[in-house]
1. Going by average Cβ density within 10 Å per residue, which order do the peptides 120-128, 83-91 take, highest to lowest?
2. Write down the accessible area per residue of the chain in Å², having rolled a 1.4 Å probe over the full set of protein chains.
3. Quick one: Cα centre-to-centre distance for region 24-82 and region 123-178, in angstrom?
4. Over the alpha-carbon set of the chain, work out the extent along each principal axis and list the three values in angstrom, largest first.
5. Report T216's accessible area, 1.4 Å probe, all protein chains in place, as a number in Å² to the nearest 10.
6. Find which of A229, S72, T216 sits farthest along the positive direction of the dipole of the chain, computed with +1 on the beta-carbon of Lys and Arg, -1 on that of Asp and Glu, about the Cα centre.
7. Kindly rank 193-199, 64-70 from highest to lowest mean number of other beta carbons found within 10 Å of each residue.
8. For region 157-255, what % of the accessible area comes from carbon and sulfur atoms, probe 1.4 Å?
Amino acid sequence: MSQKSPPPRRTPPTPAPAGRPVVGILWMLTTGMCFVAVTAIVKYLGTEMPAAQSAFLRYALGLVFLIPMLPSLARAQLDRRALGLFGLRGAVHSIGVILWFYAMTQIPLAEVTAMNYLSPIYVAIGAALFLGEKLAARRVMAIAVGLLGAVIILRPGFREISPGHIAMLGTAVLFAGSYLIAKAMSGRVNAAVVVAMVSITVTIGLAPFAAVDWVTPSLHQLGGLFLVAAFATAGHYTMTLAFAAAPLTVTQPVTFLQLVWAVLLGALVFAEPVDGWVLLGGGIIMASVSFITWREAMLRRRPVTPTSVETKL
């Protein structure tokens, strides 16, 4: 008599990180402070150097932080398609970084921070257009609300839209594109390779723009930009620790505190007036992003495109 083979065992789904919400919140608080420190130092350095050169030096000096990633990079066997995608991401991210550095010298810290929250909105749209993710009605409504927040910040027709605002709009779109390319690569190579490759390709991509109008930097400027690189690297690392400790639905709302820190820093250090409309618009955008994160987690219970911006400076 033939024996029936036992039914195959089903592999249980990997649970989402949820065991240490307090730890995740603390790491995300640290992340916010690191990224606000980045914006503050760039703001402090001002316009003595062209934006493209400042961006290039930030990335060139930051290459030292890639040393621990070199073994992973050496083991990675990148085919032509992977190299092409990494090159495309480097080009997109390079232009976004230049626009960000320019915007920092033109508009208040709070407005830069608030408008940077638009990137997750564009990520959600791009994920639907290019990665096949569905846009449910609630998600469409949340995106519309987020864009309304941007309109409240800009208030077209009620105040002048400066080149700095236009630059930040472009920055948000380009950073979203950079993130979507990174997501497409995340299943092919490990995270260390993704981080290392964006640093290398962006440094190369920024070099020609920096060379066009090169100004000899002082030791003070080099030291400041090295601090920018250090805080940015630390911010990416602590963000990773936050995601590992708690789900996005817990850590996402904490990122709104970056706007609070930026408002306080702008007012106390740079004498920038507190604009209630910016706070309102930023709050609406952040509420929209948080709702998208929560709703997708509740409905799908499966990995989705994270709405937290992981493609910062």
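The values are calculated or read from the model by the stated rules, or taken from the named source; none is laboratory data. All values derive from a computational prediction rather than experimental measurement. Every residue, glycine as well, gets a Cβ built from its backbone with ideal geometry; the counts of neighbours run over all protein chains shown. Just the protein is used for accessible areas: all its heavy atoms, side chains included, with ligands, DNA and RNA removed. Shrake-Rupley method; radii C 1.70, N 1.55, O 1.52, S 1.80 Å.
1. On the way: 120-128: 23.1, 83-91: 17.0.
The peptides rank, most packed first, as 120-128, 83-91.
2. Working: 15720 Å² over 313 residues.
Here the residues of the chain average 50 Å² of exposed surface.
3. After rounding, the separation between the Cα centres reads 24 Å.
4. 87, 45, 35
5. Number for this one is 110 Å².
6. So the residue we want is S72.
7. Values: 193-199: 22.1, 64-70: 13.4.
Averaged packing, sorted descending, gives the order 193-199, 64-70.
8. Details: 3220 of 4380 Å².
It is 73 percent, rounded to a whole number.
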